[in-house]
1. Tell me, which residue of the range A:138-165 that is at the interface with chain C (Cβ under 9 Å from one of its Cβ atoms) and either of a type in the set (Gly, Ala, Ser) or in contact (Cβ under 8 Å) with a residue 40 or more places away in the chain (or both) is surrounded by the fewest Cβ atoms within 10 Å (Cβ to Cβ)?
2. Within the range A:126-165, count every residue that is in contact with a strand residue (DSSP E or B) (Cβ under 7 Å, 6 or more places away or on another chain), assigned to a helix (DSSP H, G or I) and among the hydrophobic types (A, V, I, L, M, F, W, C).
3. How many of the residues in the range A:49-66 are surrounded by fewer than 22 Cβ atoms within 10 Å (Cβ to Cβ) and either over 17 Å from the mean Cα position of the chain (by Cα) or within 11 Å of chain C (Cβ to nearest Cβ) (or both)?
4. I'd like the full set of residues that are of a type in the set (Ser, Thr, Tyr) and either away from chain C (no Cβ under 12 Å) or over 19 Å from C:Gly88 (Cα atoms) (or both), limited to the range A:85-111.
5. Is it true that some residue in the range B:95-108 is surrounded by 15 or more Cβ atoms within 10 Å (Cβ to Cβ), touching a residue at least 40 places away in the same chain (Cβ under 8 Å) and within 14 Å of chain C (Cβ to nearest Cβ)?
6. Taking the range A:131-165 on its own, how many of its residues are modelled with pLDDT under 95, in contact with a Leu (Cβ under 8 Å, 6 or more places away or on another chain) and farther than 29 Å from C:Val332 by Cα?
7. For C:Thr89, indicate whether it is outside any helix (DSSP H, G or I), closer than 29 Å to A:Cys131 by Cα, assigned by TED's automatic domain parsing to the domain that holds C:Thr205 and out of contact with any Lys or Arg (no Cβ under 9 Å at 6 or more places or on another chain).
8. Just one of C:Lys97, C:Lys32 is among the basic types (Lys, Arg), more than 30 Å from A:Met98 (Cβ to Cβ) and part of a helix (DSSP H, G or I); which is it?
Amino acid sequence: MTETPNLVAFTPERLEKVKEIIARYPEGRQKSALLPVLHVAQEQWGWLNSEVMDYVAGILSIQPVEVYEVASFYTMYHLDPVGKHVIEYCRTGPCCLMGGEDVYGHLKQKLGVEAGQTTADGLFTLKEVECLAACGWGPVFQIREQFYMNLTNDKVDQIIEDLSK
Amino acid sequence: MEDIKPQLVKITFDGIEVEVEPGTTIMQAARKIAEADESQAALVPPAMCYYKPLNASGGKCRACLVKVAQGSAKDPRPMPKLVPSCITQVQEGMVVENTTNRGVLDTRKSIVEFLLINHPLDCPICDQAGECHLQDFAFEHGSAKTRYEEERRTFDKIDIGPHVQLHMTRCILCYRCVYTADQITDKRVHGVMNRGDASEISTYIEKAIDNDFSGNVIDVCPVGALTDKTFRFKQRVWFTKPEDAHRDCDKCCGKVTLWYRGDEVLRVTARKNTWGEVNDFICNTCRFDKKKTSDWVLEGPTKVKRSSVISANKYRADLVKKPDFALKLAASQYKPVDDDRAYVTDEDTIRQQSIENNDKANHRSLLAKNN
Amino acid sequence: MAKKILTEHINVPGIETFDVYRKQGGYTAVEKAIKTMTPEEVVEEAKKSGVRGRGGAGFPMGMKWGFLAKPEGVPRYLVCNADESEPGTFKDHHLMKSIPHLLIEGMIISSYALGANKSFIYVRGELMYVIRILEKAIEEAKAQGFLGKNILGSGYDLELIVQPGGGAYICGEETALLESLEGKRGNPRNKPPFPAVKGLYQSPTVVNNVESIANMSWIINNGGDAYAAIGIGRSTGTKLISASGHIEKPGVYEIELGVSVEEFLNSDEYCGGIRKGHHLKALVAGGSSVPILPAHLIMKTANGEDRLMSYESLSDGGFATGTMLGSGGFIVFDETACIVRNTWNFSRFYHHESCGQCSPCREGTGWMEKVLHRIEHGHGSMHDVDLLVDISKKIEGNTICPLGDAAAWPVASAIRHFRDEFVWHITNPHEATQPGAVYRGEMELA
């Protein structure tokens, strides 16, 4: 499991990045930075707990509830602790036509978890997501920024093995 | 009078012409008709999310959709889709159909159905019953039956602050309470979390909504999702007697309605207009802490709509309708039970239907056996 | 070989870099537009080209630009919609990752035409690696003087910002996208006011799809008339089609609008035909939102004319026998595909992606999904089929944004053309719920 942040502050590099993001928008429109800044926060802490969100609200001078509303609306933000690797598996039609459901079944069996759960060793969290805009290369899942495409049972085994090392 | 007239915009609403100022919405134009002639009140589109005192409210529930049969005198084409009357502005020469359009009424019936599929039918134990906009809406526009057989979403009741309870299961996501917190308090701590039919009004982490005007969310809530904890389960609203009263208050206007049972003030609310909208928001001190008659200067009984259940069997003998009037009213408002199933009395047919209705249940048990 | 406007150089090694892109004639259109044309002239070329919005709606881009309000002293914005999330559509993803400078060049030209000094590319957050590619390309273009202050000494300034989304299909709807860009929940706005009058930060704004904007460099280099000469009728130019499903060669193809569906599906230049040993059963031609067509209505229209890949031909026959080009998400189903399961799957998608703001969509999408789930899992009843049609009708046209329609159409069309298959699921629940079970009743395959 990713550790719960006890000292909530961006690293100096990330704080620089956040400042650069905020500066992109016109005067008084710093709330526009919310989505990108939440991505930066998630990069640092793995997931967004309420202290992190309150911290982000402070940086952008908005109410904490505005951050909660947004973070809970979008599916990419994890509001609960997650494992080291979050597997975001596409469950939408075109991937299913390419055998996505069978491969998903295999993956679940391999990991021994259902959607939304994390493996006992804390390595993998499995999430079902909707279309990842890679339908021609399905079945597809994503771990952080990496797309894994044209999945088969064997490929899945290999990926899981590599990431378990 | 003559020189003001050219500035007004004339529209036809359900066959009635009305002149309103430019920028007026169709809804406000319809309300203007009804305010001039109370007998036309039924023409006004229902509003479940729109709330005039709150900026940006409206457009969400789709209860007030109407047909614009003619866009304007200049461009007489009809609008291709039904439009929300609460946020659509009138144009000179616009022709609007509401109760005169079958499609509008059908759509409205389906909006009732949509709003009810995830709403518990717990009116018998809900404090809002009797002054619930959803109850009125369903009664006036809904169907007598539901076609929804799936599971309904439910939430646990939570206290948000010492005086207000949130029962999210009843919420229809009108966003009024969010706008209220945004617009009349300085710091909003509740909002809409998640999305789709998993959306919920929440503070996310348990936080009390604590400011002098937080109680107003109770008044704006169209259903029983936000209720006054000091009044919960005290009394059905139709057994209470509303009296207008005021006091000198340093925080708000101090103009309220006191709800009596005998000599006891059971609750205090803001005063509302004909459309159920508060005239002036009131502070929590007036609402929750001033529950003695001696706190107030009484002004007299609150005017209650005759159609309201609150006015039934009440104290104003002079307002009790004469039987012939009541009968006439009943006749004018009579409508057949809105249910398009064929009613049959023939025994064989009933038996056959009952077999068909059981089909699904049988199917399931068969399936369970086979598996 | 058919004309290639967007993908001509896409396979050139290193095309994602400024230098290689420049060598292939890149950024000459920016030079031409900024040095030799007025913004109005650029708009005029866009109008002449007849290029239509490639995000799905198909509204002429030049006309959309023409609606932009231009009040004095108020900034105007151009926002590129790169929130590609429609199931079956992955062309923008492909284009941006392969040839990012094409979009950036288009953004510079379009921003210049509209008088925008700060423009945004809103990319769905899942494509973070594409965002990094775009940001790198922007840095390169800036270093070469094509972005930033005083571009090419013209006095025109432009800042280009790549904004990541957070995971929400609804942000592909332009007003939801603007809300999201303002750091809010992706709730679509009520219209009017339209973005052309009050958009981003309440200022006049144009929102255009990636592919639409990427066309601009070719249009400026070759002229709007040359663009309009490609294609057929009011379907001018080329179109990127994302092909997926049961075909030999899934992928992104650039077609001249007007090529026949048969050629697109069967020729080796494109899809390469249905995968070996199988037969065509159904087609979704324009992304999951558009009506599904059965085999007998795919190659020919109801009138027996050849069905073409164009806005008009695909919608020939209305929804009764036609469909839409939409965003060009071409999903092919062979006889092993279960239409009921697929309809449930799409319906689950829309249920999951509804923002929840207006009641017909919030409640209706969930209701449809639950009923379809029941049918698919052997618990349906006969009245469920008509119930689904009725729910879809009650959602369609009654919502704030087009997501309601997008959720209603796949369900209504699947039942319109494949009612037997739904009925079979209901009357044969045991058989239908076996793994891999598919209805093999009387059905025309091609």
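1. Just the residues of the range A:138-165 that are at the interface with chain C (Cβ under 9 Å from one of its Cβ atoms), to begin with: A:138, A:142, A:144-147.
Filter again for either of a type in the set (Gly, Ala, Ser) or in contact (Cβ under 8 Å) with a residue 40 or more places away in the chain (or both), leaving A:138, A:142, A:144.
Working: A:Gly138: 27, A:Gln142: 22, A:Arg144: 11.
Top of the filtered list is A:Arg144.
2. Within the range A:126-165, residues that are in contact with a strand residue (DSSP E or B) (Cβ under 7 Å, 6 or more places away or on another chain), assigned to a helix (DSSP H, G or I) and among the hydrophobic types (A, V, I, L, M, F, W, C) number 3.
3. Residues that pass the stated criteria total 11.
4. At the first step, the residues of the range A:85-111 found to be of a type in the set (Ser, Thr, Tyr) are A:89, A:92, A:104.
Hits for the range A:85-111 are A:Tyr89, A:Tyr104.
5. Within the range B:95-108 (the criterion being surrounded by 15 or more Cβ atoms within 10 Å (Cβ to Cβ), touching a residue at least 40 places away in the same chain (Cβ under 8 Å) and within 14 Å of chain C (Cβ to nearest Cβ)), the answer is yes, since at least one residue qualifies.
6. Qualifying residue count for the region: 1.
7. Numbers: outside any helix (DSSP H, G or I): yes; closer than 29 Å to A:Cys131 by Cα: yes; assigned by TED's automatic domain parsing to the domain that holds C:Thr205: yes; out of contact with any Lys or Arg (no Cβ under 9 Å at 6 or more places or on another chain): yes.
So C:Thr89 passes the test.
8. Values: C:Lys97 fails: more than 30 Å from A:Met98 (Cβ to Cβ).
Exactly one residue qualifies, and that residue is C:Lys32.
The values are calculated or read from the model by the stated rules, or taken from the named source; none is laboratory data. If you're wondering where the values come from, they're calculated on a predicted model, not measured in any experiment. Neighbour counts are summed over all protein chains in view; Cβ atoms, including those assigned to glycine, are modelled from backbone coordinates with ideal geometry.
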